[in-house]
Amino acid sequence: MTFQEQILQGIPPTLPPKKQPNPDFSHAPKRKDILSMEEKKLAVKNALRYFPKKWHAELAREFFEELQEYGRIYMYRFMPDYEIYARPISEYPAQTQQAAAIMLMIQNNLDLAVAQHPQELITYGGNGAVFQNWAQYLLTMQYLAEMTEEQTLHMYSGHPMGLFPSSKDAPRVVVTNGMMIPNYSKPDDWEKYNALGVTQYGQMTAGSYMYIGPQGIVHGTTITVMNAFRKKLGAAVNQKGKVFLTAGLGGMSGAQPKAGNIAGCITVCAEVNPKAAHKRHEQGWVDELMEELDKLVDRVRSAQENQEVVSIAFLGNVVDVWEKFDEEDIMIELGSDQTSLHNPWAGGYYPAGLGFEEANAMMANDPEQFKCKVQESLRRQAAAINRHAAKGTYFFDYGNAFLLEASRAGADVMAENGIDFRYPSYVQDILGPMCFDYGFGPFRWVCTSGKPEDLEKTDQIAAKVLQEIMASAPTEIQQQMQDNIKWIKEAGNNKLVVGSQARILYADAEGRTKIAQAFNKAVQSGEISAPVVLGRDHHDVSGTDSPFRETSNIYDGSRFTADMAIHNVIGDSFRGATWVSIHNGGGVGWGEVINGGFGMLLDGTAEADRRLQSMLFYDVNNGISRRAWARNDEALFAIKREMERTPGLKVTVPEMVDEGVLGF
């Protein structure tokens, strides 16, 4: 049976043979045993809904065994036999190119080279899922193959609710992930309701089909590291031979060593999972692997003396590195962490003193003891960071909930006022005022032909557009323009592609719109051989309400509200997005954030040009408006400039308050 025929059949007509997880792949840790026996029966009953009744007796026992062994029902038996990767768009059986593009993006998220735990349908972050089980994947791909331009597929946390009549102007897919009643949005609620098979954690771009491998965060990490060095060392000082210490090489965090190389420093990145570290080394994302602390110390000293630009993965726990570098008086200029602390009790953070397998066993079999170990480790890590900070290290929270979870563990991370953290979020110090407030964020695209030459052409087009904009750009955004022009010109040489032929750069509304228009024109003329998918990370100007990350530089008291993200996804949906998504929990943890995203297909038509102008403008300026209302100076500058350029835009701006009137 061909690939196209397998897609079109959906759930197979005959029961396929039983399959086992491939031991050569990285697998999700066993989840907490949180369901009662009655709830486990309900979970199995829920899973059986996808299959003919004649299979139920056999599958019921199998699914119960999966639930007991893994803490979830993944339905391994129904994993497709074909290889999953982003094929050229023409190879997907579909009645509309929009649906074929979404199929391509789904498969890219589950590509073995891209996904963190592909056979558990988890793309990154330890629990960022595209689907809950393989039946959902099969049905979704079938629905997309059948879809017309006057239908919309509605996705409920991985479950394809069905195709509904709509219109050509409507999104082809609407995605929600983890949208819980607020009082049922604690970590154990995710464990319970995900185990029941009724919700999932979509992370930011996993459950919205917009993940493009670790490249997706390389650029943001590069900008952050470059500007952190500028803050620490001054703009004129060379960062060669200076140390950036961090942790995490799975999923998005795998971007860190590559970003360090581009920024021009020594990057030391600790990783406890050997498969993750070796995967990044084989992909060329990290230069060297080391397993012994003493040898790591010698290697870093040598790199400092020779002012090298090098990235080193340490196979072990980052707490040991922080403590060892303190004892050996190794200077760390920059420090951060990107372990998945949004998911601290289920594989997102591995505590010092436990081996990888030992920790996996404890988190499943003795979760309370595991929680104690994690919190003890966080206290140790914070104490070591504090000692380095006293020597001059610039430490920043990289949006993974490190400071939040460390504070909950009783670590010494609070400021003197007892309210704020003693270290800034990278959004507070860098990306917020320098990028998001001006409208710059992670714009991205995928060449659906799968041809590297098309990606190279898009790089050239984007660079040309940015150079034209920079010629008349105001002083306030010249640094951003310069950094992004340098980035896109060098992107091909940095070998960033994993999976689909994709690219990312930071651009504002003007840049995104003009780049997208140029792409659409190039598709129409044949200069680019197939349509281009546009999107962005949810980690952006408007898409995400996250008080400890994306909106951490909002100081008017509204950072715990989520109106912006909700308006963003609704506004994008009727302004031309091909698909839209809204998630609970992506990035910093279940119940801690609401985030939304979009995808848009540029097929070379006048209709695509109309849609991109309408949607991209709103997608950015919605967030700038909110940031301006919070009295952020950079956002006030940006929105006033935009209103001067766009007659149809009229935004409420704040009257600034003289502190003297508050003397009561």
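Here are a few things to note about the model shown:
- In loop segments of region 113-215 as defined by DSSP, the trypsin sites (Lys or Arg not before Pro) with at most 11 further C-beta atoms inside 10 Å of their C-beta are Lys168.
- Using θ = phi - 60° and Karplus 6.51 cos²θ - 1.76 cosθ + 1.60, couplings along region 465-479 (whole Hz; Gly, Pro as x): 4, 5, 5, 5, 5, 4, 4, 10, 6, x, 4, 4, 10, 4, 5
- Stokes-Einstein D in µm²/s, Kirkwood radius over Cα pairs - region 458-532 at 20 °C with 1.002 mPa s viscosity: 164
- Beta bridges per DSSP with both ends in the chain, % antiparallel, nearest 5: 55
- Relative to its Kirkwood radius, the Cα radius of gyration of region 295-393 gives an Rg/Rh of 1.02.
- Straight-distance crosslink candidates among aspartates and glutamates, where the alpha carbon sits under 19 Å from Lys168 and sequence neighbours closer than 8 are dropped: Glu146, Glu149, Glu150, Asp572, Asp603, Glu607, Asp609
- The chain: calculated mean residue ellipticity at 222 nm from DSSP helix runs of at least 4, using -39500 (n - 2.57): -13000 deg cm²/dmol
- Two-site FRET efficiency, Asp33 against Phe560, from Cβ-Cβ distance with R₀ of 35 Å, rounded to 0.05: 0.60
- Rounded to two decimals, the Cα-based Rg/Rh of region 33-120, with Kirkwood Rh, is 1.08.
- Surface share of carbon and sulfur [accessible, 1.4 angstrom probe, percent] for the chain: 50
- Here is the list for region 75-181: GluC sites (Glu not before Pro) lying in DSSP coil, each with at most 11 other C-beta atoms within 10 angstrom of its C-beta, are Glu83.
- Distance in nm between pseudo-label sites at Thr475 and Lys186 (7 Å out along the Cβ direction from Cα): 5.3
- Scattering profile of region 420-470 at q = 0.16, 0.19, 0.29 Å⁻¹ [log10 I(q)/I(0), Debye over alpha-carbon scatterers]: -0.68, -0.78, -1.05
- Accessible surface area normalised per residue over the chain is 37 Å², counting heavy atoms of protein chains with a 1.4 Å rolling probe.
- Segment Arg230-Gln68, length gained on full extension (0.36 nm per residue, minus Cα span): 53.2 nm
- Along its principal axes, region 195-236 has C-alpha extents of 55, 18, 10 angstrom, given from the largest down.
- Lysine pairs meeting the criterion (Cα under 19 Å, 8 or more apart or interchain), as found in region 204-331: 11
- Length gained on full extension, Glu456 to Lys295, computed as 0.36 nm times the residue gap minus the Cα-Cα distance: 54.0 nm.
- Largest first, the three principal axis extents of the alpha carbons in region 575-664 are 59, 40, 15 Å in whole numbers.
- Equivalent ellipsoid of the chain: semi-axes from √(5λ) of the C-alpha gyration tensor, largest first, are 35, 32, 24 Å.
- Mean separation of Cα contacts under 8 Å, 6 or more apart, over the residue count of the chain: relative contact order %: 13
- The packing ranking of peptides 26-37, 132-143, highest mean first, is 132-143, 26-37, where packing means the average number of other beta carbon atoms within 10 angstrom of each residue.
The values are calculated or read from the model by the stated rules, or taken from the named source; none is laboratory data. As the structure is a computational prediction, the values presented were derived from the model and not from experiment. Neighbour counts are summed over all protein chains in view; Cβ atoms, including those assigned to glycine, are modelled from backbone coordinates with ideal geometry. Remember, those area values only see protein heavy atoms, side chains included, never the ligands or the DNA or RNA. Shrake-Rupley method; radii C 1.70, N 1.55, O 1.52, S 1.80 Å.
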